[in-house]
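Comments concern the structure below.
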Amino acid sequence: MSETTTTIGFYNEQAAQYAASTLHSDMSPLCNEFLSFLPAQGTVLDLGCGSGRDSRFFIDRGYRVIAVDGSTELCRLAAEAIGQPVVCYDFREYEPQEPLIGIWASASLLHLTPEEISSVVSRLDGHLVPGGCFYMSFKYGTFSGERDGRFYTDMDETSLRRLLDGIPALSLVRQKITEDVRPGHAGEKWLNAFCRV
């Protein structure tokens, strides 16, 4: 059983609890910062939309959103939350069918191996229009492996730089460390990266 299969299985089994714990977490500061980097109105890809929380935020502000997740159960719940279909697809294979002004990958790429993250980001950045923004976030640290029933690749500034050095089309515009906003996760830190093509 692959790391991705194990992780998707976790989210299928825990979808209701996970969605309930994240749907109302306030991500608006990071979402607004992301929107400030977008070159214009257009289509945003929410890669790993989970509960649909951030897709809803972007839709409410007039953006067309393609919401994608690997868990069939989360896709079902997210579709209810955002009022539109959600694409159920493996991140490693998904190909957008239209130009994107932004890619929002909040706490999603971290479930891939470092090699898979590099491959997915390198492929998807080609769908961004000039000046488009690619946001990604990772648990802060250096751990890679299974934790709490899911596979994780944590990142710090060094590993993020190593990742982006291998993706010349992307330039790091801003990185910041933030605290987890979910109840019961005080003290957990996240590395956020805003990149541009």
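Figures for the structure shown
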| read-out | value |
| --- | --- |
| Evaluation of residue 51 against (1) in contact with a Leu (Cβ under 7 Å, 6 or more places away or on another chain); (2) surrounded by fewer than 19 Cβ atoms within 10 Å (Cβ to Cβ); (3) among the hydroxyl-bearing types (Ser, Thr, Tyr) (one fails), failing number | (2) |
| Test: residue in the range 122-129 that is under 17 Å from the mean Cα position of the chain (by Cα), farther than 26 Å from residue 74 by Cβ and acidic (Asp, Glu) | no |
| Looking only at the range 148-197, and only at residues there that are in a loop (DSSP other than H, G, I, E, B) and among the acidic types (Asp, Glu), the one that is surrounded by the fewest Cβ atoms within 10 Å (Cβ to Cβ) | 148 |
| Filtered residues of the range 156-167 (kept if in contact with a helix residue (DSSP H, G or I) (Cβ under 9 Å, 6 or more places away or on another chain) and free of Cβ contacts under 8 Å to residues at least 24 places away in the same chain) | 162 |
| Of all residues making up the range 165-184, the number that are among the β-branched types (Val, Ile, Thr) and over 18 Å from residue 128 (Cα atoms) | 3 |
| Residue within the range 8-22 that is surrounded by 13 or more Cβ atoms within 10 Å (Cβ to Cβ), modelled with pLDDT of 90 or more and closer than 22 Å to residue 191 by Cβ present | no |
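The values are calculated or read from the model by the stated rules, or taken from the named source; none is laboratory data. Note that the coordinates shown come from a computational prediction; the quantities given were computed from them, not determined experimentally. In this analysis, Cβ positions are derived from the backbone assuming ideal geometry, glycine residues included, and neighbour counts consider all displayed protein chains.
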